[in-house]
1. Checking the structure you have, find out if any residue of the stretch 89-96 is assigned to a helix (DSSP H, G or I) and more than 30 Å from GLN342 (Cβ to Cβ).
2. Restricting to the stretch 264-303, give me the number of residues that are at pLDDT 90 or above, assigned to a loop (DSSP other than H, G, I, E, B) and of a type in the set (A, V, I, L, M).
3. Could you list, in sequence order, all residues of the stretch 263-274 that are within 12 Å of the ligand (Cβ to nearest atom) and under 34 Å from the mean Cα position of the chain (by Cα)?
4. I'm checking my understanding of the structure. Among residues of the stretch 283-298 that are without any contact (Cβ under 8 Å) to a residue 40 or more places away in the chain and charged (D, E, K, R), which one is nearest to the ligand (Cβ to nearest atom)?
5. Tell me, please, whether a residue that is at pLDDT below 95, more than 16 Å from the ligand (Cβ to nearest atom), in a loop (DSSP other than H, G, I, E, B) and in contact with a Pro (Cβ under 9 Å, 6 or more places away or on another chain) can be found in the stretch 252-262.
6. Which residue, of GLY301, GLY325, GLY280, GLY313, is within 21 Å of THR207 (Cβ to Cβ) and more than 16 Å from the ligand (Cβ to nearest atom)?
7. Name the pairs: first residue in the stretch 328-344 and closer than 21 Å to HIS208 by Cβ and in contact (Cβ under 8 Å) with a residue 12 or more places away in the chain, second residue part of a loop (DSSP other than H, G, I, E, B) and of a type in the set (Asp, Glu), Cβ to Cβ under 9 Å, at least 6 apart or on different chains?
8. Within the stretch 120-130, does at least one residue satisfy the condition of being in a helix (DSSP H, G or I), at pLDDT 90 or above and either at negative phi or touching a helix residue (DSSP H, G or I) at 6+ places or on another chain (Cβ under 9 Å) (or both)?
Amino acid sequence: MDLLHELLTGAPARIDAIVDLESLSALESELLGKKSLIASTRRGLGQLPPDERPKVGAQVHEAQRRLEDLLAARRELLERMAEDRLLAGDRVDVTLEGYEPSVGRHHLLTQTVDEVVDIFAGLGYRVASGPEVELAWYNFDALNTPPTHPARLESDTLYVEYGEEPDEMLLRTHTSPMQARYMEQHEPPVYVVVPGRTFRADALDATHSPVFYQIEGLAVDEHITFGDLKGTLAHFAREFFGPDRTIRLLPNFFPFTEPSAEMHVSCFACDGSGCRVCSGSGWIELMGCGMVDPNVLEAVGYDPQHISGFAFGMGAERIAMVRHGINHIRHFYENDVRVLRQFT
Ligand SMILES: [Zn+2]
C-alpha cells in the first residue's frame, strides 16, 4: 500500500512532463500494464486475509481510476496541441506580400501601329492588309512608276523572282501596292489604312533598316481636295503628338501622287523654337503624301473625272523614334526587354 501511495504521489508530475503521445503511451503501459504495480497488486489480492481484501481492492481500483483520468486528460491536451501545430503549419497568411506575375506587353512598334490605326479608325477608315511578296505591277506599274525609275533597281528593291515586268516578284518596298489592290476590289468611296512590313535593300544605320513598318492611308471619294488631306493630317498630328501641334506641307515628288508633299509637324519638344529633337528647325518631317495621281485611279478602273483622293504613308519606326527620343532604329529589332519595358 505504501508503494501504491508513492506511485500516486509521483504520477501527476511524471504525466505532466510528457510532451508527445508516443511517450505518453509508454508511460501508460508502465503505470497500468500487465507488469505494473497496479496489476501485480490486484493479482496479489487473493493472498490477503479475506477481511482486508475489499479495502485493498477498493484502493487499487481508486488508484487505477485516478491514473486513467490523469493520462486521459494529458492525452487530450497533447492531441489538441498536435492538431494546433498542424493547422498552424497549413495556415495561409493572406497579409504576406505576393509575387507580381510577369505580364507581357505589346512591342513598341505594335503599340505605335495600333495607335495610328485607331486614330484613323476614329475617322471612319477601314483597316486592310496585303501580301509582303508582291508583283512589280502593284508595287510600281499600277502606281505610275515608270520602268526606268531608279527605285526599281536591285540596289533599292529586293527581288524574289525575276521575270517579264510587270510579273516580277519582289518584297514590297512600301505599303502603297494595297492602294491599287484595294481599289481594284472596292468601288469608291474608299477610306482605308494599311499597316504592314516593307523591305528595301538598305544597309542598317541609325535611321534605316532593310525591314521596317509602314502605315499607308488612302481616301478616294467625290470632291476630295488637298484641303481634306491637310485637315486629315493635322488631325492626326494633334491626336498623336498633342493638341497644340500644327503641320506644314512642303513640295516633294512621288510617282503615284500629284501634287506630292512631305508633311512636317511642329516640334512637340520645343514648340517650334528649335531643339535637338527637331535639329534646331522647329519642325519634324513625318511622312510623304499627296493627291492620288489620275493615272493610278485609271489603272484600277476609276474615273478621275469624277473621283479624286489623297494618300499618305508614314514609317512606324520613324514616328516612334521621334516621339520617344529613340536614337537608333536597331532598338526596335534587338528586342532587349530592358529597352522595351520602358514603353508601356
Ligand atoms: Zn524642337
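The values are calculated or read from the model by the stated rules, or taken from the named source; none is laboratory data. Predicted model, so just to flag it, every value in this text is computed and none were measured. Because the Cβ atoms are built from the backbone with ideal geometry, glycine has one as well, and the counts that use them run over all protein chains shown.
1. Yes, the stretch 89-96 contains a residue that is assigned to a helix (DSSP H, G or I) and more than 30 Å from GLN342 (Cβ to Cβ).
2. Qualifying residue count for the region: 1.
3. In the first step, residues of the stretch 263-274 are kept if they are within 12 Å of the ligand (Cβ to nearest atom); the result is 264-274.
Selection gives HIS264, VAL265, SER266, CYS267, PHE268, ALA269, CYS270, ASP271.
4. That would be GLU285.
5. Yes: one or more hits.
6. GLY313
7. So the pair list comes out as HIS328/ASP205; ILE329/ASP205.
8. yes
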